[in-house]
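Chemist: If you scroll down you'll find the structure; I have some questions about it.
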Amino acid sequence: NAGVTQTPKFRILKIGQSMTLQCTQDMNHNYMYWYRQDPGMGLKLIYYSVGAGITDKGEVPNGYNVSRSTTEDFPLRLELAAPSQTSVYFCASSYFPTGDSPLHFGNGTRLTVT
Amino acid sequence: KNQVEQSPQSLIILEGKNCTLQCNYTVSPFSNLRWYKQDTGRGPVSLTIMTFSENTKSNGRYTATLDADTKQSSLHITASQLSDSASYICVVSPTGTASKLTFGTGTRLQVTL
């Protein structure tokens, strides 16, 4: 059972470049999320989706975009990468929208912008 | 502002010893509190969830406690193993919606021989 799969695992971008972080889940979860994890900080929500075709901003959405065309996939797009976007990015999914349902995380994408 | 504070920031213990990690929160209204374990280079994995009415819950060698009055939770690890080396993250849900979760910064535990 693969769970949540993220690609790539590592990436180095130059300032101003763009990229897409891929995320797919095979648990048929409607709810999916993108978080970033910075050293010494708690995870911060970037965007989330409650189902195919529906997305909404989280706490730190600036500089990012998402789409949700299928239940399985939830890619995160970075446009015009900046050093402040250097971070570890985690995709997660859950069965229910409430905190009663655990988040299932991927293993992250470590992004460096130089 | 909703906040979750964890202590200590890091901890080193000998294999076989017990330890307790602390989580204090100011999140309101409170729905539940969950502890996650995050191995190096991996995503967090849920260990246990505590709701308002629960005081103690165990998951193998992990025991979580909750005092909703003082807004404190602890995670006790018994007879530690090398595989317990990880970060432990406390996550509080204020309204029962995952989009409003507040994450602590974690406690980094290292278990040594």
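Chemist: Kindly provide the set of residues from the range A:69-97 that are within 14 Å of chain B (Cβ to nearest Cβ), surrounded by fewer than 21 Cβ atoms within 10 Å (Cβ to Cβ) and either in contact with a helix residue (DSSP H, G or I) (Cβ under 6 Å, 6 or more places away or on another chain) or not β-branched (Val, Ile, Thr) (or both), ordered by number.
Modeler: Across the range A:69-97, the qualifying residues are A:TYR95, A:PHE96, A:PRO97.
Chemist: Being part of a loop (DSSP other than H, G, I, E, B) and either facing chain B (nearest Cβ under 7 Å) or within 20 Å of B:ASP39 (Cβ to Cβ) (or both) is the filter here, so list the residues in the range A:102-114 that pass it.
Modeler: Result: A:PRO102, A:LEU103, A:GLY106, A:ASN107, A:GLY108.
Chemist: Name every residue in the range A:7-24 that is more than 12 Å from A:LEU111 (Cβ to Cβ) and within 12 Å of chain B (Cβ to nearest Cβ), in order of residue number.
Modeler: Passing the criteria: only A:CYS23.
Chemist: Turning to a different aspect of this structure: Can you name every residue in the range B:91-113 that is over 22 Å from A:PRO39 (Cβ atoms), modelled with pLDDT of 80 or more and crowded, with 21+ Cβ neighbours inside 10 Å?
Modeler: The answer is B:SER93, and nothing else.
Chemist: Now, a different point. Pick from the range A:35-68 the residues that are assigned to a loop (DSSP other than H, G, I, E, B) and free of Cβ contacts under 8 Å to residues at least 12 places away in the same chain: which of them is nearest to the other protein chains (Cβ to nearest Cβ)?
Modeler: A:GLY42
Chemist: Could you grab me the full set of residues in the range B:25-67 that are assigned to a strand (DSSP E or B), more than 12 Å from chain A (Cβ to nearest Cβ) and more than 27 Å from A:GLY108 (Cα to Cα)?
Modeler: Passing the criteria: B:THR56, B:LYS57, B:SER58, B:THR63, B:THR65, B:LEU66, B:ASP67.
The values are calculated or read from the model by the stated rules, or taken from the named source; none is laboratory data. As the structure is a prediction and not an experimental result, all values here were calculated from the model. Using ideal geometry, Cβ is built from the backbone for each residue, glycine included, and neighbour counts are taken over all protein chains shown.
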